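Q: Sharing a structure below in structure tokens format, with a few things to ask.
Laboratory data are not the source of any read-out in this text; all were calculated from the coordinates shown. Please read all numbers here as calculations on a predicted model, not as lab measurements. Every residue, glycine as well, gets a Cβ built from its backbone with ideal geometry; the counts of neighbours run over all protein chains shown.
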Amino acid sequence: MNKIVWKSSLTLVLVALLMVPASFATMRHAATFAAGEASTLAGGSETLLPDGRLLMVGGQDEDGLVKGTLSTRDPLTGAVIVLSASLHFSRAAHTATVLPDGSVLVLGGIGQNGKLVSSAERFDPLSNTVEILTVPSPTPRAFHTATLLTDGRVLFAGGVFANAIPARKPLNSGIRVEAIPRSSPMA
């Protein structure tokens with residue numbers, strides 16, 4: 001039996017990505033886009049909103065520019081709508097996590113200047129607005145994961161810190177973001 005020795009966690013991630021079934025890998029880019037239409041950019045994220053649309057956040061375009069754009073895609077029709085709202089800080093290799101109130105927490109990533117983005121932002125799909133959050137942000141990182149915990153906090157783990165140093169330990173505490181006051185629940 002051959003023994004596999006992993007040189008880094010990045011190797012493990014790359015192997016895991018290679019093991020993803022082809023149908024899943026192509027599903028992300030299944031829709032075709034005409035010239036001028038938005039698609040998921042390299043390092044961008046796609047997050048399923050409570051109403052069934054996919055929110056596409058940021059990423060890097062073919063010219064290497066990091067974007068702060070927001071778009072939605074209807075997964076049934078492939079129709080894409082570029083939203084008028086955009087992030088305050090362009091970013092790629094970030095996370096976008098749906099919170100219990102239906103808003104989306106965007107954290108981390110690499111900015112246009114090539115440095116890690118330290119500010120957290122929240123997108124509200126009902127009002128189509130983005131706000132910069134004043135909650136304490138965890139250590140800036142990119143290529144990380146974000147998991148919504150049952151108590152409403154978001155746990156950030158893994159990824160890389162500045163100078164591509166691997167983040168080997170999850171944060172001891174997550175961020176808790178207060179719900180957006182609403183007169184009616186999310187649709």
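Q: Give me the distance in nm between label points sitting 7 Å out from Cα along the Cα-to-Cβ direction at D63 and S127, one decimal.
A: 3.3 nm
Q: For a bin width of 10 Å, list the pair-distance distribution of the range 39-176 built from all Cα-Cα distances, rounded to whole %.
A: Spelled out per bin, shortest first, that is 13, 45, 34, 8, 0.
Q: Let me ask you something else. Give the relative contact order (percent, whole number) for the range 39-176; include only Cα pairs under 8 Å separated by 6+ residues.
A: The normalised contact order for the range 39-176 reaches 16 percent.
Q: Read phi for every residue in the range 50-64 and hand back ³J(HN,Hα) as whole Hz from Karplus 6.51 cos²θ - 1.76 cosθ + 1.60, θ = phi - 60°, with x for Gly and Pro.
A: x, 8, x, 6, 9, 9, 9, 10, x, x, 10, 7, 5, 8, x
Q: Which order do T95, T147, T134, T47 fall in if you start with the one that has the fewest other Cβ atoms within 10 Å?
A: Details: T95 24, T147 13, T134 8, T47 18.
By the 10 Å Cβ count, ascending: T134, T147, T47, T95.
Q: Further, regarding this structure: Quick check: Cα centre of the range 54-84 to Cα centre of the range 92-110, how many Å?
A: The range 54-84 and the range 92-110 have Cα centres separated by 14 Å.
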